[in-house]
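Colleague: Take a look at this one; I'll ask things after.
The values are calculated or read from the model by the stated rules, or taken from the named source; none is laboratory data. This one's a predicted model, so the numbers in the text were calculated from it and none came from an experiment. Don't worry about glycine lacking a Cβ; one is built from the backbone with ideal geometry, like all the others, and counts go over all protein chains shown.
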């Protein structure tokens, strides 16, 4: 019997949780689960707190099943997962900052999102941040941020370099912490969906999609088929826009501006098509619990078909340009290599994981409608460098173009929303949606009257940011922007 | 690569005609811009973008200003890497408590004369995040003096462009 089934068999199930099981476990089983994560028998999908409980979402490596394990913490403490499984470390530091839960046995107890600036900041966070040391002859520090040179989000990077070579990078994040999970508590589903859609602006569709699915799972709401297909259409358009933008931006950071100019045009064409089809360039608030906010008319369909034709005309010559330009490949090949072992350990999603051999895509492996009826392949590479992350994006663009075409060809007719059966009882739901950057997790606990008791949003970046620190080691300082852009982690999605 | 460059020479540009500056913004700015500054800067402004807690949606649309369709630099407007080189701070987000000090320091690092443009609904009053203890009440305006607000969630590139052109007109 696989480790997760074994754990669940001995635990107390929570019947109001859908569509996957949640079970309350004891401290011993919690520790065993942490050990199973450390041994690679399970993958950590999320770890979050409430004032009196800790929860972890896990996936069994062997069975592929997922579940939430909960530990009641009446005295505000729980056995540390991060002590044996490093991907949990920053999540535990966040649980302390936001919910006061203490991870017993944790080695790194520094504050994370709490910079000592909140009215309720704890004393420890008000002290200067204790960066990790790097010692050696002739090492020097380079401190970057939080305000960066480009038009990007804020974060603080501390490099220790020996000459040009980076010996250690330490990230300090949390600058854009807006208190989203705090605002979620007590909000109704409409406001909750809006907040979810503003967690990470580039993934507004993915977040709204995951939030809606979690709410519908909790309430037992069946979404009309047309809405389900329109959601996937929006999700693929979002992926397309972001991948086009990223491919160009990565090349731009290798001083190859030509590609950036051309993919910038492609990205703009996608956004204008989204505006024409769904009334918003980023399709913000387009997905709502129960369905979608806007129907797609014939003009919208025609606009998207025209976009497909234009992308298929313009993109292949750009791929050839990337493939043929030796000076560009000289920068991307072999740079910022992430080992498959680390990608697996951290459960890294998206192009970061798939460029380093982690064969996982929520659309296929945690299949949700309408992807169960669509044909696509998941590109995988094992080289793990900047070049591999570019190629994964290129192949995903090709797959998304195919998916959009299939959706338009088979889009069912009918209504686009269903009423939400609110007011029966308190209930809980979990959903994972494959955003452009990886799997977005939303966990939702609804009160009896349908308001939000607790909502946790886990961005894929939580399991990618720490890997950037590993991938950059031994590279030159000048290649950091290139590596960073090839990861393109979210700050806002991470900082919440 | 030669093929791409050659095609770029023979095809008409994608760049669109300039929009008229936003009238309301123009009126708002007329008072903010001093005559002396107009003489010194001419028709060129260097912009430093500061994300003060945005979801990144505004940054995506600000980025778009540089693409071939909007081509911001044709107006003499350009983004710079340091506040030391900037005339304008373009600030987004509901101003998180964790970014307040960085924004204030960036403002102080920008030489006079300078203007602050707050872009996006969050930058006006906190938007959807208003009331969060993690955000500064009153948003950007509570920390630095704001000369122009551009609405939207996020503002469309064309609206950003209209606002920035108004800034240019007011000081030209």
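Rundown of residues vs (1) more than 30 Å from residue A:292 (Cβ to Cβ); (2) within 9 Å of chain B (Cβ to nearest Cβ), yes/no style:
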| residue | (1), (2) |
| --- | --- |
| A:162 | yes, no |
| A:166 | yes, no |
| A:172 | yes, no |
| A:175 | yes, yes |
| A:188 | no, no |
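Colleague: Among the residues of the stretch A:24-67, count how many are surrounded by 19 or more Cβ atoms within 10 Å (Cβ to Cβ) and part of a strand (DSSP E or B).
Modeller: Final tally of qualifying residues: 17.
Colleague: Being touching a helix residue (DSSP H, G or I) at 6+ places or on another chain (Cβ under 7 Å) and assigned to a helix (DSSP H, G or I): is that true of residue A:494 here?
Modeller: Judged against the criteria, residue A:494 is a match.
Colleague: Right, something else. Can you work out which of the residues in the stretch B:84-104 that are assigned to a strand (DSSP E or B) and more than 8 Å from chain A (Cβ to nearest Cβ) is surrounded by the fewest Cβ atoms within 10 Å (Cβ to Cβ)?
Modeller: If we take residues in the stretch B:84-104 being assigned to a strand (DSSP E or B) and more than 8 Å from chain A (Cβ to nearest Cβ), then B:88 is surrounded by the fewest Cβ atoms within 10 Å (Cβ to Cβ).
Colleague: For the stretch A:356-389, which positions are within 17 Å of residue A:332 (Cβ to Cβ) and either surrounded by fewer than 19 Cβ atoms within 10 Å (Cβ to Cβ) or in contact with a helix residue (DSSP H, G or I) (Cβ under 6 Å, 6 or more places away or on another chain) (or both)?
Modeller: If the condition is that a residue be within 17 Å of residue A:332 (Cβ to Cβ) and either surrounded by fewer than 19 Cβ atoms within 10 Å (Cβ to Cβ) or in contact with a helix residue (DSSP H, G or I) (Cβ under 6 Å, 6 or more places away or on another chain) (or both), then A:356, A:379, A:381, A:382, A:383, A:386, A:387, A:389 are the ones that fit.
Colleague: Now for a different question. Applying the selection to the stretch B:134-157, what residues are part of a loop (DSSP other than H, G, I, E, B), in contact with a helix residue (DSSP H, G or I) (Cβ under 7 Å, 6 or more places away or on another chain) and at negative phi?
Modeller: B:134, B:136, B:143, B:144, B:146, B:147, B:151, B:153, B:154, B:155, B:156
Colleague: Given the structure, is residue A:267 modelled with pLDDT of 95 or more, outside any helix (DSSP H, G or I) and under 11 Å from residue A:237 (Cα atoms)?
Modeller: Against the criterion (modelled with pLDDT of 95 or more, outside any helix (DSSP H, G or I) and under 11 Å from residue A:237 (Cα atoms)), residue A:267 does not qualify.
Colleague: Which one of the conditions (1) surrounded by 22 or more Cβ atoms within 10 Å (Cβ to Cβ); (2) touching a strand residue (DSSP E or B) at 6+ places or on another chain (Cβ under 8 Å) does residue A:351 fail to meet, given that it meets all the rest?
Modeller: With respect to (1) surrounded by 22 or more Cβ atoms within 10 Å (Cβ to Cβ); (2) touching a strand residue (DSSP E or B) at 6+ places or on another chain (Cβ under 8 Å), residue A:351 is out only on (2).
Colleague: Out of the stretch B:15-56, which residues are surrounded by fewer than 17 Cβ atoms within 10 Å (Cβ to Cβ), modelled with pLDDT of 65 or more and in a loop (DSSP other than H, G, I, E, B)?
Modeller: Scanning the stretch B:15-56 gives B:15, B:16, B:17, B:18, B:19, B:20, B:42, B:43, B:44.
Colleague: Considering each residue of the stretch A:103-133, count those that are within 14 Å of chain B (Cβ to nearest Cβ) and not in a loop (DSSP other than H, G, I, E, B), and give that number.
Modeller: Summing the residues that are within 14 Å of chain B (Cβ to nearest Cβ) and not in a loop (DSSP other than H, G, I, E, B) in the stretch A:103-133 gives 2.
Colleague: Say whether the condition of being at the interface with chain A (Cβ under 9 Å from one of its Cβ atoms) and free of Cβ contacts under 8 Å to residues at least 12 places away in the same chain is met by at least one residue in the stretch B:105-115.
Modeller: yes
Colleague: So residue A:213 ticks every box in (1) without any contact (Cβ under 8 Å) to a residue 40 or more places away in the chain; (2) away from chain B (no Cβ under 12 Å) but one. Which box is left unticked?
Modeller: With respect to (1) without any contact (Cβ under 8 Å) to a residue 40 or more places away in the chain; (2) away from chain B (no Cβ under 12 Å), residue A:213 is out only on (1).
Colleague: Of the residues A:434, A:469, which is out of contact with any helix residue (DSSP H, G or I) (no Cβ under 7 Å at 6 or more places or on another chain), under 18 Å from residue A:348 (Cα atoms) and at pLDDT 95 or above?
Modeller: Of A:434, A:469, the one residue that is out of contact with any helix residue (DSSP H, G or I) (no Cβ under 7 Å at 6 or more places or on another chain), under 18 Å from residue A:348 (Cα atoms) and at pLDDT 95 or above is A:469.
Colleague: Looking at the stretch A:334-346, which of its residues are surrounded by fewer than 24 Cβ atoms within 10 Å (Cβ to Cβ) and in contact (Cβ under 8 Å) with a residue 60 or more places away in the chain?
Modeller: Listed by number, the residues that qualify are A:335, A:337, A:339, A:342, A:344, A:345.
Colleague: Any residue in the stretch A:135-143 that is within 14 Å of chain B (Cβ to nearest Cβ) and exposed (fewer than 14 other Cβ atoms within 10 Å of the Cβ)?
Modeller: Yes, the stretch A:135-143 contains at least one residue that is within 14 Å of chain B (Cβ to nearest Cβ) and exposed (fewer than 14 other Cβ atoms within 10 Å of the Cβ).
Colleague: For the stretch A:270-279, which positions are in contact with a helix residue (DSSP H, G or I) (Cβ under 7 Å, 6 or more places away or on another chain) and more than 9 Å from chain B (Cβ to nearest Cβ)?
Modeller: A:270, A:273, A:274, A:276, A:277, A:278, listed by residue number.
Colleague: Is at least one residue of the stretch A:319-333 away from chain B (no Cβ under 12 Å) and either within 23 Å of residue A:213 (Cβ to Cβ) or in a loop (DSSP other than H, G, I, E, B) (or both)?
Modeller: Scanning the stretch A:319-333 turns up at least one residue that is away from chain B (no Cβ under 12 Å) and either within 23 Å of residue A:213 (Cβ to Cβ) or in a loop (DSSP other than H, G, I, E, B) (or both).
Colleague: Pick from A:378, A:433, A:390, A:440: which is more than 26 Å from residue A:44 (Cβ to Cβ) and within 20 Å of the chain's Cα centre (by Cα)?
Modeller: Exactly one of A:378, A:433, A:390, A:440 is more than 26 Å from residue A:44 (Cβ to Cβ) and within 20 Å of the chain's Cα centre (by Cα), namely A:390.
Colleague: Among the residues of the stretch A:157-199 satisfying the criterion of being under 23 Å from the mean Cα position of the chain (by Cα) and assigned to a strand (DSSP E or B), which is surrounded by the fewest Cβ atoms within 10 Å (Cβ to Cβ)?
Modeller: A:170
Colleague: Looking at the stretch B:108-122, which of its residues are touching a strand residue (DSSP E or B) at 6+ places or on another chain (Cβ under 9 Å), modelled with pLDDT under 95 and assigned to a loop (DSSP other than H, G, I, E, B)?
Modeller: Scanning the stretch B:108-122 gives a single hit, B:114.
Colleague: Mind telling me which of the residues B:57, B:93, B:76 ends up being touching a strand residue (DSSP E or B) at 6+ places or on another chain (Cβ under 8 Å) and more than 19 Å from residue B:167 (Cα to Cα)?
Modeller: B:93
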